[in-house]
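All of the numbers you see were taken from the coordinates with simple rules; none came from a lab. The structure displayed is predicted, hence computed values, not measured ones. FYI the Cβ positions are ideal-geometry reconstructions off the backbone, even for glycines, and counts take in every protein chain you see.
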Amino acid sequence: MTSAAIIVAAGRGTRMGEGVAKQWRSLAGKPVLHHAVEALKAAGIGRIVVVLRPEDMDHPQIPAGVQAVALNGGDSRQDSVRSGLAALADDPPDHVLIHDGARPFPGPAMVARLIAALADHPGAAPALAVTDALWRGQGGLVAGVQDRSALYRAQTPQAFRYGAIAAAHAAHPGGAADDVEVARAAGLDVAIVEGDEDNLKLTFPADFDRAERIWKGRAMDIRMGNGFDVHAFTDGDHVWLCGVKLPHTRALLGHSDADVAMHALTDAIYGALAEGDIGVHFPPSDPRWKGAESHIFLRHAMDRLRARGYALANCDVTIICERPKIGPHQAAMRAALATIMGVEMDRISVKATTSEKLGFTGREEGIAAQATALLVRA
């Protein structure tokens with residue numbers, strides 16, 4: 001399944017007061033919009049469309065690595081979402097997350113919950129149950145109370161199957177408060193998933209103070225894991241390394257496709273999470289995994305990483321062999337891993353060394369690989 005995100009950032013935020021629009025204001029040293037983009041990327045959403053006012057299309061602080069599109073039509077939030085959906089139409093994703101650019105901290109665990117909910121529902125949205133007592137007021141006085149038992153505070157991103165929400169927006173007359181209202185008007189069920197108290201929306205000047213406290217109060221949580229794997233040669237005409245098929249005079253022997261480098265990297269991530277190794281999650285005694293492609297294991301490790309609230313800072317893979325030569329294939333290997341892991345290529349290093357003709361790798365009896373992965377709390 002493929003996922004993309006739309007960030008609506010065409011508002012002017014009049015309740016914030018005079019000055020720069022809130023999506024461009026600085027928060028912890030960078031524009032609010034940058035925080036939202038980086039958070040979604042850390043959650044594994046690589047394709048992001050940012051909807052801006054036409055006059056902001058040449059803004060010097062548009063985040064790198066996004067598709068910026070101009071608001072087309074009116075100036076409502078719904079018009080912004082329609083512009084973003086249209087930008088995805090030529091190559092539509094399976095899922096789309098629609099997010100407010102004024103919410104800088106959409107956490108990866110929350111995003112994972114949203115995408116998981118789309119397996120059973122056409123839409124899903126994060127929310128927090130109302131816990132405070134609710135009053136109705138009149139003339140500055142308490143005029144009554146309101147039952148809070150079934151009330152929630154809505155958040156974004158709100159997630160949908162792309163085709164369903166695109167059709168819902170096309171049919172809606174306008175004036176909706178958010179995309180959940182549009183979806184429900186079209187008869188779509190929207191699941192409620194647990195939101196995040198830190199996922200605040202910047203509306204008033206005091207909200208920036210709270211956002212700064214959230215940013216500073218997040219304890220730095222760094223985890224590192226190491227992985228090592230070995231596979232012997234057997235008869236064959238190719239090997240799989242880092243998701244790339246390399247012609248060779250031998251093949252690697254293994255229960256799965258024997259991608260020794262990807263196995264080491266997967267174990268490094270599991271190790272950083274203190275969740276064992278590949279054998280724990282995919283026992284070799286289980287016939288379902290015989291001949292399995294190793295990207296299944298690596299994607300599972302990345303899913304576990306994000307579900308635990310982490311992002312991949314970087315990883316480093318070293319392949320130890322005399323042959324085949326790795327250098328000509330390094331770029332392709334990094335690109336393949338980046339696609340499988342849903343991260344930028346510059347977070348992935350792949351390199352190789354020989355053992356100077358020493359040991360089993362020097363005798364060309366097999367290939368070894370070691371990997372290190374660094375995770376940070378997103």
What 222 nm value per residue comes from the helices of the chain, counting each DSSP H run with n ≥ 4 as -39,500 (n - 2.57) and dividing by all residues, nearest 500 deg cm²/dmol? -8500 deg cm²/dmol
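Across the range 222-377, how many lysine pairs, 8 or more apart or on two chains, come within less than 21 Å at their alpha-carbon atoms?
5
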What is the spin-label model distance, in nm, from THR354 to ASP90 if the labels are put 7 Å beyond Cα along the C-beta direction? 4.8
Cα axis of helix 295-307 to longest principal axis of the chain: angle in degrees, 0 to 90, nearest 10? 40
If I build a Gaussian network model for the chain, linking alpha-carbon pairs within less than 10 angstrom, which residue out of ALA211, ALA89, ALA264 has the largest mean-square fluctuation? ALA89
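Translational D (Stokes-Einstein, µm²/s) of the chain at 4 °C and 1.567 mPa s when Rh comes from the Kirkwood sum over C-alpha pairs?
Reported coefficient: 56 µm²/s.
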Taking Cα pairs closer than 8 Å and at least 6 residues apart, the relative contact order of the chain in percent is 16
The lysines whose Cα lies under 26 Å from the Cα of LYS30, excluding any fewer than 8 residues away in the same chain, are LYS22, LYS41, LYS201, LYS216
Just how large is the dipole of the chain about the Cα centre, in debye to the nearest 20, putting +1 at every Lys and Arg Cβ and -1 at every Asp and Glu Cβ? 540
Compactness of the range 295-378 as Cα Rg over 2.2 N^0.38 Å, two decimals: 1.23
Go ahead and set up a Gaussian network model of the chain, Cα springs under 10 Å, then flag whichever of ASP316, ASP221, ASP100 fluctuates most. ASP221
Amide H to amide H, which residues 5 or more places from ASN314 or on other chains are under 5 Å from it, using H placed in the peptide plane? LEU374
If a/c stays under 1.5 just call it rounded; otherwise compare a/b with b/c (prolate if a/b is bigger, oblate if not). Do that for the range 71-229, with a ≥ b ≥ c from the square roots of the Cα gyration tensor eigenvalues. oblate
Model label zone, MET345; criterion: amide N under 11 Å from point 7 Å along Cα-to-beta-carbon; scope the range 317-335: 330-335
Which length gain, in nm to one decimal place, applies between VAL142 and VAL280 when the Cα-Cα distance is subtracted from 0.36 nm times their residue separation? 43.8 nm
Highest GNM mean-square fluctuation, the chain, Cα pairs closer than 10 Å: which of TRP24, TRP289, TRP135? TRP135
What is the angle, in °, between the Cα long axis of helix 330-341 and the longest principal axis of the Cα atoms in the chain? Nearest 10 is fine, range 0 to 90. 50
